[in-house]
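To keep things clear, I will list the structure first and then write my remarks on it.
The values are calculated or read from the model by the stated rules, or taken from the named source; none is laboratory data. Here the structure is a predicted model, which is why all the values come from computation and not from measurement. Glycine gets a Cβ as well: all are built from the backbone with ideal geometry, and neighbour counts include every protein chain shown.
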Amino acid sequence: MKEPQENKTVIFMHIPKACGSTLKDILNRQYSRQSTYEINGRNIAASIAEFQQRPEGDRGGIRCLKGHMPFGLHEYLPQPSQYIAIMRNPIERVMSHYYYVLRCPEHYLYERVVGEGMDLAYYVASKASSELENGQTRMLSGSVSGCTDSDDSCTEEDFAQAKANLEEHVIAGLAESFDESLALFAAELGWTQLDYTSKNVSQQRPHKKDLSRSTLDVIEAANRLDLELYETARDIFSKRTARV
């Protein structure tokens, strides 16, 4: 087992609907508020720009950078860093995204989804959010559309970059193996106080097995690269956890 990387700034790429809110609570116990910078999820581009424009001395004091952001912000830190992420089965993640919007009237997509009577397949096909089309690949690739809505399609080049970043720079846990993921982070990063209460969990949605074949086809077609990237993440995770 490697020595904990306590001297590195942790960069938590918060993939939407992949247990990120739960992990953020645990991060708050590892790093002080004064040494943490959080990207504002309501205005991601402006928040990233504000971080980039901070004096180097301020950026040098950051020990935890977290939020909905694409890969690449380590270039603005003068000290070594370590990316972490929680990845999720793409079909489960898209389902969670849809049902989260339905139960949150304050969500920016709520009125459109309800007003147009979107079912899950329609929601994904509508491209209402780029998060629904290979969203994990977008973030891990460092694509400019990684965390903002965009009409740009995710490419094979994006996938290749995301896979390389995942293999070389990211300690990735899995939402479906959250406890084992926490144990991995603790071993690698020297974390303690790992107790948690799950957040933003919907109990009122169907399971993947309940979806029609036609709906699954729509989700799988829109997330072909994410499905492949997730399998890569599972393989890496299995090898990492075997060493812990």
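Just a few scattered comments:
- Condition met for Gly117 (out of contact with any Ser or Thr (no Cβ under 7 Å at 6 or more places or on another chain), surrounded by fewer than 21 Cβ atoms within 10 Å (Cβ to Cβ) and either of a type in the set (Phe, Trp, Tyr) or at positive phi (or both)): yes
- Residue check, Leu102 in contact with a Lys or Arg (Cβ under 6 Å, 6 or more places away or on another chain) and either on the phi < 0 side of the Ramachandran plot or surrounded by 18 or more Cβ atoms within 10 Å (Cβ to Cβ) (or both): no
- Residue check for Glu111: touching a helix residue (DSSP H, G or I) at 6+ places or on another chain (Cβ under 9 Å), of a type outside the set (A, V, I, L, M) and either at pLDDT 95 or above or surrounded by 19 or more Cβ atoms within 10 Å (Cβ to Cβ) (or both): no
- Filter result (in contact with a Phe, Trp or Tyr (Cβ under 7 Å, 6 or more places away or on another chain) and among the aliphatic types (A, V, I, L, M)) within region 102-131: Val113, Leu120
- If you go through region 122-136 and keep only what is buried (at least 18 other Cβ atoms within 10 Å of the Cβ) and either more than 17 Å from Arg205 (Cα to Cα) or of a type in the set (A, V, I, L, M, F, W, C) (or both), you end up with Val124, Ala128, Ser129, Ser130, Glu131, Leu132, Glu133, Asn134, Gly135, Gln136.
- Scanning region 11-23 for residues that are at pLDDT below 95 and surrounded by 18 or more Cβ atoms within 10 Å (Cβ to Cβ) turns up Pro16, Lys17, Ala18, Cys19, Gly20, Thr22, Leu23.
- First in region 114-128 and more than 17 Å from Arg93 (Cβ to Cβ), second anywhere and aliphatic (A, V, I, L, M) and not in a loop (DSSP other than H, G, I, E, B), Cβ under 8 Å, 6 or more apart: Val114/Leu102
- Tally of residues being among the small types (Gly, Ala, Ser) and touching a Leu at 6+ places or on another chain (Cβ under 9 Å) across region 165-176: 2
- Residues of region 114-146 satisfying the condition of being of a type in the set (Asp, Glu) and modelled with pLDDT of 95 or more: Glu116, Asp119, Glu133
- Subset of region 1-36 [among the aromatic types (Phe, Trp, Tyr) and under 23 Å from Gly135 (Cα atoms)]: Phe12
A quick yes/no check of all residues on (1) aliphatic (A, V, I, L, M); (2) at pLDDT below 95:
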{"site": "Cys154", "(1), (2)": "no, yes"}
{"site": "Gly173", "(1), (2)": "no, no"}
{"site": "Gln203", "(1), (2)": "no, yes"}
{"site": "Lys209", "(1), (2)": "no, yes"}
{"site": "Leu225", "(1), (2)": "yes, no"}
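- Filter pass, Pro80 being more than 25 Å from Ala175 (Cα to Cα), at pLDDT 95 or above and touching a Lys or Arg at 6+ places or on another chain (Cβ under 9 Å): yes
- Some residue of region 62-82 being touching a residue at least 60 places away in the same chain (Cβ under 8 Å), crowded, with 17+ Cβ neighbours inside 10 Å, of a type in the set (Val, Ile, Thr) and touching a strand residue (DSSP E or B) at 6+ places or on another chain (Cβ under 8 Å): no
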